[in-house]
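*Asks:* Below: one structure in structure tokens.
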Amino acid sequence: MKRVLEFNAGYGRLLNDHDEPSLQILCEQCDDVALQLTGIHPGADAANKLLTDAALPSATQVRGSCIGIFDFSSSLIGVLIIRQHQPNEHDWYIGLLMFKPDMRARGYGHKVVEAFQHYVWEQRGKRILLAVMWSNPRAMAFWKRLGYETARSLEPMQFGRLMQSGFELQQRPNTYQNWPTPTMPVMHDRSAFE
């Protein structure tokens, strides 16, 4: 499989149906994320839902990708779900960034987001958006440290058993102060997202 993302501690590649068993294990290991967002433990079909939700119909302008994050021993340690052209043509949306509990707070998230941002700006993307729920102050702090700004408040929405509200955050190329140097992580293989 082609790598679409590389950074100094691992790499990312597009996930497919063959990856469903390892993605299911990751979903079960990240039970705390599902409970915080939905109030429901991940079901036996959690991986299938992630893969299906990321793969949007080709007839739409929006393109989705489910990127597995691997360490150099090729163990799946996280997942990044993105959508291109959502909500507007030059916008990118991060639907989910999730890591195994023992891989959190070790710098992987920062490295993956930096590599992804670098790729988006190379593609002439105008902004990256994502939603953070009130119930997740650690996520809000993480994204704010990376320079993401509040774009708007979100109306309460039903997620599983929970009614959640929060903020939509955004990053624009001119708000990103720490441009990656050539030795920093890069995203490549543009055809993987087209």
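*Asks:* Using the beta-carbon distance between GLU155 and ILE40 and R0 = 35 Å, what value does 1/(1 + (r/R0)^6) give for FRET efficiency, to the nearest 0.05? Working shown, then result.
*Replies:* Working: r = 21 Å, r/R0 = 0.61.
Calculated value: 0.95.
*Asks:* Quick one: which residues, 5 or more positions from LEU162 or on another chain, have an amide H under 5 Å from its amide H? H modelled 1.01 Å from N in the peptide plane, none for Pro or chain starts.
*Replies:* Sorted by chain and number, the residues that satisfy this come to none at all.
*Asks:* Give me the extension gain from ALA141 to MET1: residue separation times 0.36 nm, minus the current Cα-Cα distance, reported in nm with one decimal.
*Replies:* Details: separation 140, 0.36 × 140 = 50.40 nm, distance 3.37 nm.
Taking ALA141 through MET1 to full extension adds about 47.0 nm, to one decimal.
*Asks:* Same structure again: I need the chymotrypsin sites (Phe, Trp or Tyr not before Pro) found in segment 20-114, filtered to DSSP loop residues with at most 10 other beta carbons within 10 Å of theirs. Could the numbers behind the result be given before it?
*Replies:* On the way: sites: PHE70, PHE72, TRP92, TYR93, PHE99, TYR108; in loops: PHE72.
Passing both the DSSP loop test and the Cβ count: PHE72.
*Asks:* Related question: Using a probe radius of 1.4 Å on heavy atoms only, what accessible surface per residue do you get for the chain? Whole Å² is fine. Kindly include the intermediate steps, with their values, before the conclusion.
*Replies:* Details: 10190 Å² over 194 residues.
Averaged over the residues of the chain, the accessible area is 53 Å².
*Asks:* Summarise the accessible area of the chain (1.4 Å probe, protein heavy atoms) by the percent that is carbon and sulfur.
*Replies:* Values: 5330 of 10190 Å².
Summing carbon and sulfur atoms, their accessible area is 52 percent of the total for the chain.
The values are calculated or read from the model by the stated rules, or taken from the named source; none is laboratory data. All of these numbers come straight from a predicted model, not from anything done at the bench. Please note: Cβ atoms are built from the backbone with ideal geometry, for glycine as well, and neighbour counts cover all protein chains shown. Heavy atoms of the whole protein, side chains included, go into the accessibility calculation; ligands, DNA and RNA do not. Shrake-Rupley method; radii C 1.70, N 1.55, O 1.52, S 1.80 Å.
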